[in-house]
1. Among the residues of region 23-49, which ones are more than 12 Å from L139 (Cα to Cα), in contact (Cβ under 8 Å) with a residue 40 or more places away in the chain and open to solvent by less than 70 Å² (accessible area, probe 1.4 Å)?
2. Take the residues in region 158-177 that are assigned to a loop (DSSP other than H, G, I, E, B) and open to solvent by 60 Å² or more (accessible area, probe 1.4 Å), then tell me which one is nearest to S106 (Cα to Cα).
3. Residue pairs, Cβ under 8 Å, 6 or more apart or interchain, first in region 178-198 and closer than 20 Å to T107 by Cβ, second among the aromatic types (F, W, Y) and surrounded by 15 or more Cβ atoms within 10 Å (Cβ to Cβ). List them.
4. Within region 112-146, work out how many residues are among the β-branched types (V, I, T), closer than 12 Å to S27 by Cα and without any contact (Cβ under 8 Å) to a residue 60 or more places away in the chain.
5. Which numbered condition in (1) surrounded by 21 or more Cβ atoms within 10 Å (Cβ to Cβ); (2) under 21 Å from A32 (Cα atoms); (3) among the hydrophobic types (A, V, I, L, M, F, W, C) is the only one that F138 fails?
6. Considering only residues of region 201-210 that are of a type outside the set (D, E, K, R) and surrounded by fewer than 15 Cβ atoms within 10 Å (Cβ to Cβ), which is nearest to N50 (Cα to Cα)?
7. Within region 211-233, restricting attention to residues that are outside any helix (DSSP H, G or I) and either free of Cβ contacts under 8 Å to residues at least 24 places away in the same chain or open to solvent by 20 Å² or more (accessible area, probe 1.4 Å) (or both), which residue is nearest to S109 (Cα to Cα)?
8. Can you find even one residue in region 67-76 that is modelled with pLDDT of 95 or more, open to solvent by less than 30 Å² (accessible area, probe 1.4 Å) and within 18 Å of I143 (Cβ to Cβ)?
Amino acid sequence: MTKTKRSLSARFLRSSLKGALYFIGGSVALTAVYAVVPVPTTMTMLFDHNGAKRDWTPLSDISPNLVRAVIAAEDAKFCSHDGFDREAIEKALARNKQGGRMRGGSTISQQTAKNVFLWQGSGWTRYLRKVPEVYFTFLIEKIWGKRRIMEVYLNVAETGIGTYGAEAGAQRYFKKSAKNLTRIEAARLAAILPLPKKRAVNGVGGFTRRYGNSISARIRVVQRDGLDSCIYT
């Protein structure tokens, strides 16, 4: 009986180790492929019953206004952190302990890792996602680098109902290419990213308008203070 148990334990351990090695090897290989190949789809796109209109666009064909707008709105330390903004995470945890709507401290790198490799989730599935999210964030920071992370983020982020990426969002709301977005247009697009199904870009009012105006003003700060230095040197 003891030998049988040991044999089962040994087989389980070997199988677990083999599975872990396959996962690590496969995830590293896929991340390396996505370093140079456009991401074809994501789990969020696949399960979006509204469809997934998108048009992959190189970062060189996306307005710097939009790059600076998302840095201003989502992650001011994007160029200086290693994928994780520990101060923002600590503040988010402190706010969440006080109750009310749950807030995250995710960086653009973390959001990109989640959007590309994982699921959105809510409740306990959101917490279940955090461990692989940390792993994939580490991978893309090491393999892709900041410029590629930003490029992928602006191509897979949800920018409206059934709309993904900067180009599709620019065409939907402003009838123009993402390359030609003005500062205020880029700011308004960045303002809806946290809740793209609920916030309007055109005819904005209330909080979204105020938030968009705030982002528009901070775009100049991002450029002036070199907060985009990892993208534009």
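The values are calculated or read from the model by the stated rules, or taken from the named source; none is laboratory data. This one's a predicted model, so the numbers in the text were calculated from it and none came from an experiment. Every residue, glycine as well, gets a Cβ built from its backbone with ideal geometry; the counts of neighbours run over all protein chains shown. Note: accessible area is taken over every heavy atom of the protein model, side chains too, but ligands, DNA and RNA are not part of it. Shrake-Rupley method; radii C 1.70, N 1.55, O 1.52, S 1.80 Å.
1. P38, V39, T42, T44, M45, D48
2. Within region 158-177, the match that is nearest to S106 (Cα to Cα) is I161.
3. Pairs that qualify, where the first residue is closer than 20 Å to T107 by Cβ and the partner is among the aromatic types (F, W, Y) and surrounded by 15 or more Cβ atoms within 10 Å (Cβ to Cβ), are L189/Y173; A191/Y211.
4. Of all residues in region 112-146, those among the β-branched types (V, I, T) come to 112, 116, 125, 131, 134, 137, 140, 143.
Of the ones still in play, those that are also closer than 12 Å to S27 by Cα are 116, 137, 140, 143.
Still in the running and without any contact (Cβ under 8 Å) to a residue 60 or more places away in the chain: 137.
Qualifying residue count for the region: 1.
5. Evaluating F138 over (1) surrounded by 21 or more Cβ atoms within 10 Å (Cβ to Cβ); (2) under 21 Å from A32 (Cα atoms); (3) among the hydrophobic types (A, V, I, L, M, F, W, C) leaves (1) as the failure.
6. So in region 201-210, the residues of a type outside the set (D, E, K, R) come out as 201-208.
With surrounded by fewer than 15 Cβ atoms within 10 Å (Cβ to Cβ) added as a condition, the list becomes 202-203, 205-207.
Numbers: N202: 20, G203: 22, G205: 25, G206: 26, F207: 26 Å.
My answer is N202.
7. Step by step, filter region 211-233, then rank; the result is C230.
8. no
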